[in-house]
Amino acid sequence: MQLGKIVGTVVASQKDQQLEGMKFHLVQTTDLTGAVTGKPIVAVDSVGAGVGELILFASGSSARQTETTNNRPVDAVIMAIVDLVEVGGETLYRK
Amino acid sequence: MQLGKIVGTVVASQKDQQLEGMKFHLVQTTDLTGAVTGKPIVAVDSVGAGVGELILFASGSSARQTETTNNRPVDAVIMAIVDLVEVGGETLYRK
Amino acid sequence: MQLGKIVGTVVASQKDQQLEGMKFHLVQTTDLTGAVTGKPIVAVDSVGAGVGELILFASGSSARQTETTNNRPVDAVIMAIVDLVEVGGETLYRK
Amino acid sequence: MQLGKIVGTVVASQKDQQLEGMKFHLVQTTDLTGAVTGKPIVAVDSVGAGVGELILFASGSSARQTETTNNRPVDAVIMAIVDLVEVGGETLYRK
Amino acid sequence: MQLGKIVGTVVASQKDQQLEGMKFHLVQTTDLTGAVTGKPIVAVDSVGAGVGELILFASGSSARQTETTNNRPVDAVIMAIVDLVEVGGETLYRK
């Protein structure tokens, strides 16, 4: 999984029938403090995350192992909202 | 998923039997405004997208989770046509 | 999928039993005109392609969705021979 | 698989229901001596590894082939704790 | 698949139960002459390859399509030992 921040939304009314009703979030990977570093990917949400939150996302076939994404053409899913990032006893991020 | 723009077509008359009748689109990844940035990949379309459109594509095994691509040797599928990209309340792309 | 050119051959007499009789092609990714650009990968052929041809290859689990590669330890398959690459109404490659 | 070092922890109370009770480790890839080199990823542990240890992790669908991660939205798993790294008869790392 | 050279060994006594008895090889990708170029990955062997040999390895779910690795948390497998690499009628590597 990777740390990412939800930075925006992609609206797409015309989509594969298995994606009806799904919302697409723009996610940028972050460093351990939650600062965005990488280029954006688009992910589906399985945990009720919102714009601005630090999250974890899973990629590839693992992105289909949630009730929301099962058997759908989705290759990235938000599967956790981050409360805390701790490295060497130091808290680098707290929600 | 990734944002991409359909920039062209690949014609291939000799192909694996499971790909008969399929059209191959050239897709370049884009930034959040829809400007092309990345190197081209080739994707199959499941939503009736055309050249010049901003789309979302899924990669890997997730690319096979559409009626069009199911069980076929396809590792990238166009699964949505983008209407709008919004970041921080600002509209960066509108169809 | 990616555009690639078959640039050579890898011979390997000692291989996993599920690969008996398979030929391994060296494939380099190309730009849209068919000029080689990337580092070589090794792919199995499902369409009767030969050295020097511009082809499409699929990667990952999708590489196993052909009769030739089904259930075998193969992560890249040549699934089409390219006739034509067209971008913006211009023909960049013709076989 | 890749060599990595566990450098910290991600706490996430709100997560997909299939991830209840799981701990998320921050892992950085290392060189052959165990010195960290790469950017951090987040992995689930199947072997009882702890912070500071040199481990092996598997990615993608292979990350779901443990009792802990089976059928869950997890794309990286720690599946071994490294005792020794040996290159050319020389020991580059010993636990 | 990719060309790689076995450069060493990783010993890990504490590992996922499905990996009992498995040996982990350090593999570096090579150019077409067999000279190492890339950063090391760790692979399981299904063909009896040894340190110093030029091999082919498969990645991702395809790495689990051998008798040795089936259903195990393994994302890279050595599935062939290279005898010969030929490009443009020229032999770049011979065992």
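Using modelled amide H (1.01 Å from N, peptide plane; none on Pro or chain starts), what sits under 5 Å from the amide H of residue D:12, excluding residues fewer than 5 places away?
Distant-sequence amide H within range of residue D:12: A:83.
Compute the Cα gyration tensor for the protein assembly as shown, then decide on rounded, prolate or oblate, letting a ≥ b ≥ c be the square roots of its eigenvalues: rounded whenever a/c is under 1.5, prolate when a/b is larger than b/c in the other cases, and oblate in all that remain.
It is oblate, given that a/c is not under 1.5 and a/b is not larger than b/c.
Counting other Cβ atoms within 10 Å, which trypsin sites (Lys or Arg not before Pro) in the stretch B:1-86 have at most 14 and lie in a DSSP loop?
Loop-located and lightly packed - B:23.
Taking R0 as 22 Å, what FRET efficiency do you get between residue E:67 and residue C:67 from their Cβ-Cβ distance, rounded to the nearest 0.05? Walk me through the intermediate numbers first.
Numbers: r = 21 Å, r/R0 = 0.96.
Using R0 = 22 Å, I get an efficiency of 0.55.
Which cross-chain or sequence-distant (5 or more) residues have an amide H under 5 Å from the amide H of residue C:93, H modelled 1.01 Å from N in plane?
C:85
What ranking, highest mean first, results for peptides D:44-50, A:70-76 when packing means the other Cβ atoms within 10 Å averaged over each residue?
Numbers: D:44-50: 19.1, A:70-76: 22.1.
Order by mean packing, descending: A:70-76, D:44-50.
I need the GluC sites (Glu not before Pro) found in the stretch E:11-95, filtered to DSSP loop residues with at most 10 other beta carbons within 10 Å of theirs.
The qualifying sites are E:20, E:67.
By the scheme Lys and Arg +1, Asp and Glu -1, what is the net charge of all other residues having a beta-carbon under 13 Å from that of residue D:92?
On the way: positive: D:94, D:95; negative: D:31, D:83, D:86, D:90.
Summing Lys/Arg as +1 and Asp/Glu as -1 gives -2.
Tell me, what is the percent relative contact order of the stretch E:2-94, built from C-alpha pairs under 8 Å that lie six or more residues apart?
RCO, the stretch E:2-94: 27 percent.
What ³J(HN,Hα) values, in whole Hz, does the Karplus curve 6.51 cos²θ - 1.76 cosθ + 1.60 give for the stretch A:13-18 when θ = phi - 60°, with x put for Gly and Pro?
6, 9, 8, 3, 4, 6
Please report, for residue D:17, the nm distances (one decimal) from its label point, 7 Å out from Cα along the beta-carbon direction, to the equivalent points in the remaining copies, shortest first.
Those separations, rounded to one decimal, come out as 2.7, 2.7, 4.3, 4.3 nm.
Antiparallel as a % of all DSSP beta bridges within chain E, to the nearest 5? List each step's numbers first, then the result.
On the way: 24 of 26 bridges.
Roughly 90 percent of the beta bridges in chain E run antiparallel, per DSSP.
Could you work out how far the C-alpha centroid of the stretch D:1-66 sits from that of the stretch A:1-63, in angstrom?
So the separation of the two Cα centres works out to 21 Å.
What do you get for Rg/Rh over the stretch D:2-94 if you use C-alpha atoms and the Kirkwood form of Rh?
On the way: Rg = 13.6 Å, Rh = 13.6 Å.
With Rh from the inverse mean 1/r over Cα pairs, Rg/Rh is 1.00.
Just so you know, all these numbers are worked out from the coordinates, no wet-lab data involved. What you are looking at is a predicted structure, and each value in this text was computed from that prediction instead of being measured. Neighbour counts run over all protein chains shown; Cβ positions are idealised from the backbone, glycine included.
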